1. What number of residues within segment 20-62 satisfy the criterion of being under 16 Å from Trp156 (Cβ atoms), small (Gly, Ala, Ser) and surrounded by fewer than 19 Cβ atoms within 10 Å (Cβ to Cβ)?
2. Suppose the filter is of a type in the set (Lys, Arg), part of a helix (DSSP H, G or I) and surrounded by fewer than 18 Cβ atoms within 10 Å (Cβ to Cβ); does Arg117 pass it?
3. Considering segment 10-61 alone, what residues qualify as being modelled with pLDDT under 85, farther than 21 Å from Tyr128 by Cα and not small (Gly, Ala, Ser)?
4. In the set Ile107, Ile84, which member is among the aliphatic types (A, V, I, L, M), buried (at least 16 other Cβ atoms within 10 Å of the Cβ) and closer than 17 Å to Phe25 by Cα?
5. Can you pull out every residue in segment 111-145 that is among the β-branched types (Val, Ile, Thr) and modelled with pLDDT of 90 or more?
6. Can you tell me which of Cys135, Cys166 is closer than 19 Å to Leu65 by Cα, in contact with a Lys or Arg (Cβ under 8 Å, 6 or more places away or on another chain) and not β-branched (Val, Ile, Thr)?
7. Test each condition in (1) in contact with an Asp or Glu (Cβ under 6 Å, 6 or more places away or on another chain); (2) without any contact (Cβ under 8 Å) to a residue 60 or more places away in the chain; (3) not basic (Lys, Arg) for Glu146 and report the one that comes out false.
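The values are calculated or read from the model by the stated rules, or taken from the named source; none is laboratory data. Quick caveat, the model's predicted, so the values are computed rather than measured. Cβ atoms come from the backbone with ideal geometry, glycine included; neighbour counts cover every protein chain shown.
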Amino acid sequence: MGCDLTKNAVVVVAPEKAEESKAEFSDTQIDTIRSTWPLLAHDIARVGMEVFTRIFRETPSVRSLFDSFGICDTENLKYHQLFIEHTQKFMYVLEALVDNLERPEVIRPSLVALGARHAAVEGYHPEYFRFYKKCMLEVWEMELGEEFIAEVRDSWTRVIEYIVQCMSHGYHISITDQLEAFVDKEVNMEDIITEKT
């Protein structure tokens, strides 16, 4: 069984009431993220591919989870349509969070559900989430260059940690069979990444 996370169906989990009232990101963090996101999103497909290429180099075992393109050599991945689609969806989910930084509870259920879907991938381990964080920050530094000052790094680290926290939560409640207690309804991933592809 390979990684099949590019499918459109996603389970949306009802947000927890306590988290709805709590501000996850400061105004400064929101401004910093919003001012740097256009520099990262100007070539969203290429940037997403760079993140995953780094992940695959750092952790070849993640690459092996993708039946459809895991056997391609790194140079040819950029021509593989399923790889391109997967990396774009990854970036569009990130963009959805950027668009909802004042109200992250809007996207949180989908991030939790996405983490739960990772638990269904045979061979996926929750520690892989930390490689996503490391590789994303490396790519952000490369893309932003001298704009990647401490405040920018700290703000993006907070956003990425939020994503990892939500996805890890979804992963763990899924493997402990608790996900059904949180399920609200099913939605299409396109609801998150509307008109992006």
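1. Counting residues in segment 20-62 that are under 16 Å from Trp156 (Cβ atoms), small (Gly, Ala, Ser) and surrounded by fewer than 19 Cβ atoms within 10 Å (Cβ to Cβ) gives 3.
2. Here the answer is no, as Arg117 does not meet what is asked.
3. Val11, Val12, Val13, Pro15, Glu16, Lys17, Glu19, Glu20, Lys22 - these are the residues of segment 10-61 that are modelled with pLDDT under 85, farther than 21 Å from Tyr128 by Cα and not small (Gly, Ala, Ser).
4. Only one candidate qualifies: Ile107.
5. Across segment 111-145, the qualifying residues are Val112, Val139.
6. Cys135
7. (1)
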